[in-house]
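Novice: The structure follows.
The values are calculated or read from the model by the stated rules, or taken from the named source; none is laboratory data. Bear in mind the structure is a predicted one, so any value in this text is a computation, not a measurement. FYI the Cβ positions are ideal-geometry reconstructions off the backbone, even for glycines, and counts take in every protein chain you see.
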Amino acid sequence: MRRTYEDLVAEADAVSVAGWDFSWLDGRALEERPPWGYQRLMSERMAVARASLDLQTGGGEVLAGAGVVPPLAVATEGWPPNLPTATQRLHPRGIAVVFDDDEPPLPFAGNAFDLVTSRHPVKAWWSEIHRVLAPGGTYLSQQVGPASVFELVEFFLGPQPDSVRRGRHWDDAATAATAAGLEVADLQTASLRTEFYDIGAVVYFLRKVVWMVPGFTVAAWDHKLRELHAVIEREEKFSATTTRFLIEARKP
């Protein structure tokens, strides 16, 4: 029996969105994964690093999957609700969690880390990444690309200008990394399939990924949510395209 709009939305609006674990969406949404396997690459780099820094770690979900942790390992996070989750998850692995509001400067000395990592940073501060990397050190990051899940964004906000759709472009990231003094060693891109199977999955996603529809609340967007619920009921899914890129850069 199909669940009602009210039931699905109420459930998704009540569940916690702390941390960066999307397992609540299992069976309710699908996001195709990039082919390069970021966590595997990160784990390989960490296994040979002496000092590592993970920026914007979220709840530490990805970092906690590293097989080997360097003798000195630090993670930063700027959203207060994530800090207890990250601390509980990472401290047993010997990884210190430091609050940082994701604005320069980073609270670390220059040349401090031979590995800096970040999965889906809100913004990459390239000059700061260059500063805290030791000579010969590596920055490895998987990032959200341009117009990612914009089918959903534009369903709510309407057509976006080209300048917004081009935001987070991998070419701009590579240019900024080079301008900061880093050498781009690898740049890979992917366009991936994303599907939402019920309106609750959409509500949960928009509550968690807060920059997609700024200021999103169920009450404010009830009309559009009901409209989208009807689409999902009719089509059995709502499809979108997710873009991702992997960038690896080294400090000479």
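Novice: For residues that are touching a residue at least 24 places away in the same chain (Cβ under 8 Å), surrounded by fewer than 20 Cβ atoms within 10 Å (Cβ to Cβ) and either within 14 Å of VAL144 (Cα to Cα) or among the small types (Gly, Ala, Ser) (or both), tally how many sit in segment 169-193.
Specialist: 15
Novice: Check LEU30 against each of (1) within 30 Å of ARG193 (Cβ to Cβ); (2) touching a helix residue (DSSP H, G or I) at 6+ places or on another chain (Cβ under 7 Å); (3) at pLDDT 95 or above and name the one condition it does not meet.
Specialist: (2)
Novice: Of GLU44, GLU6, GLU11, which residue is surrounded by fewer than 19 Cβ atoms within 10 Å (Cβ to Cβ) and touching a helix residue (DSSP H, G or I) at 6+ places or on another chain (Cβ under 8 Å)? Break it down into steps so the answer makes sense when it comes.
Specialist: Numbers: GLU44 fails: touching a helix residue (DSSP H, G or I) at 6+ places or on another chain (Cβ under 8 Å); GLU6 fails: touching a helix residue (DSSP H, G or I) at 6+ places or on another chain (Cβ under 8 Å).
Just a single option satisfies the conditions, and that option is GLU11.
Novice: Where in segment 90-177 are there helices (runs of 4 or more DSSP H), lying wholly inside it, with at least 1 residues that are over 18 Å from the mean Cα position of the chain (by Cα) and among the hydroxyl-bearing types (Ser, Thr, Tyr)? So that I can check it myself, show each step before the final result.
Specialist: On the way: elements: 126-132, 150-157, 162-165.
Where helices (runs of 4 or more DSSP H) fall fully within segment 90-177 and carry at least 1 residues being over 18 Å from the mean Cα position of the chain (by Cα) and among the hydroxyl-bearing types (Ser, Thr, Tyr), they are 126-132, 162-165.
Novice: Looking at (1) touching a residue at least 24 places away in the same chain (Cβ under 8 Å); (2) assigned to a loop (DSSP other than H, G, I, E, B); (3) among the polar types (S, T, N, Q), can you tell me which one SER43 breaks?
Specialist: (2)
Novice: Then there's this: Based on what the data block shows, is GLY200 within 16 Å of TYR5 (Cα to Cα) and among the small types (Gly, Ala, Ser)? Steps first, answer last, please.
Specialist: Values: within 16 Å of TYR5 (Cα to Cα): yes; among the small types (Gly, Ala, Ser): yes.
Against the criterion (within 16 Å of TYR5 (Cα to Cα) and among the small types (Gly, Ala, Ser)), GLY200 qualifies.
Novice: Within segment 12-38, track down each residue that is free of Cβ contacts under 8 Å to residues at least 60 places away in the same chain and either in contact with a strand residue (DSSP E or B) (Cβ under 8 Å, 6 or more places away or on another chain) or not in a helix (DSSP H, G or I) (or both). Explain how you work it out, then say what you get.
Specialist: First pass over segment 12-38, keeping only residues free of Cβ contacts under 8 Å to residues at least 60 places away in the same chain: 14, 16, 21, 23, 26, 37.
Those that are free of Cβ contacts under 8 Å to residues at least 60 places away in the same chain and either in contact with a strand residue (DSSP E or B) (Cβ under 8 Å, 6 or more places away or on another chain) or not in a helix (DSSP H, G or I) (or both): SER16, ASP21, ASP26, GLY37.
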